[in-house]
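What follows draws every value from the coordinates through simple rules; no lab data is involved. Owing to the predicted nature of the structure, the values given are computational and were not obtained by experimental measurement. Ideal geometry is used to build each Cβ from the backbone, glycine not excepted, and the neighbour counts take in all protein chains shown.
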Amino acid sequence: MFAVIKTGGKQYRVAEDQLLQIEKIEGEPGQIIQLGDVLMLGGDTPQIGSPAISGASVAAEVVSQGRGPKVIAFKKRRRKNSRRKRGHRQEFTLIRITEILTDGAKPTKAARPKHVRQPKPEAAVDADGAETSGETSAKPKAKAKAKKPAAKAKKPAAKPKAAAKGKKK
């Protein structure tokens, strides 16, 4: 199932678990927001709104807030000694679509937990003293370094012979 939503003056085709960069909207990272301007619902039985579908919304999780690359606006009026250089960075919000809701339903999914590194499991020991983990206690052998040939002694560069001026042989 997909939906076409309108936000920030633009239209986007979205599906669940999709990352989307939209114009800046209010929200802290991890917060669930609802986008209410759903123009179309697609799938087995598509619905088209006029202009929007009443009761339909899209739930999304704010992933991060950020700023885009710098765009330089340079204006010059020739022969007038007039120049203007101005930079601009557009602010955006990165969201992850969590659900496409119909009939005025509320979002049911909570924000995804941030990825937390799990500690490596310690090796368990059997009754006979052997480790059950796939890891071995022996250290891996280091690769033998390839020996480079000794540097050759450099010969002194030959001095250029002075050209005889005006003399012919």
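Over 31 Å apart at the Cα level, from the set LYS6/LYS75; LYS6/LYS76; LYS24/LYS80; LYS24/LYS85; LYS10/LYS85, are LYS6/LYS75; LYS6/LYS76; LYS24/LYS80. Net length available on complete extension from LYS80 to ALA105 is 2.9 nm, with 0.36 nm assigned per residue and the Cα-Cα distance removed. Each residue of the range 23-28 was assigned a 3J(HN,Hα) from its phi angle through the Karplus expression (A = 6.51, B = -1.76, C = 1.60, θ = phi - 60°), giving 4, 4, 10, 6, x, 8 Hz with x at Gly and Pro. If R0 equals 22 Å, the separation of the Cβ atoms of GLN90 and SER64 corresponds to a calculated FRET efficiency of about 0.90. When peptides 83-92, 56-65 are sorted by average Cβ neighbour count within 10 Å, with the highest value leading, the order is 56-65, 83-92.
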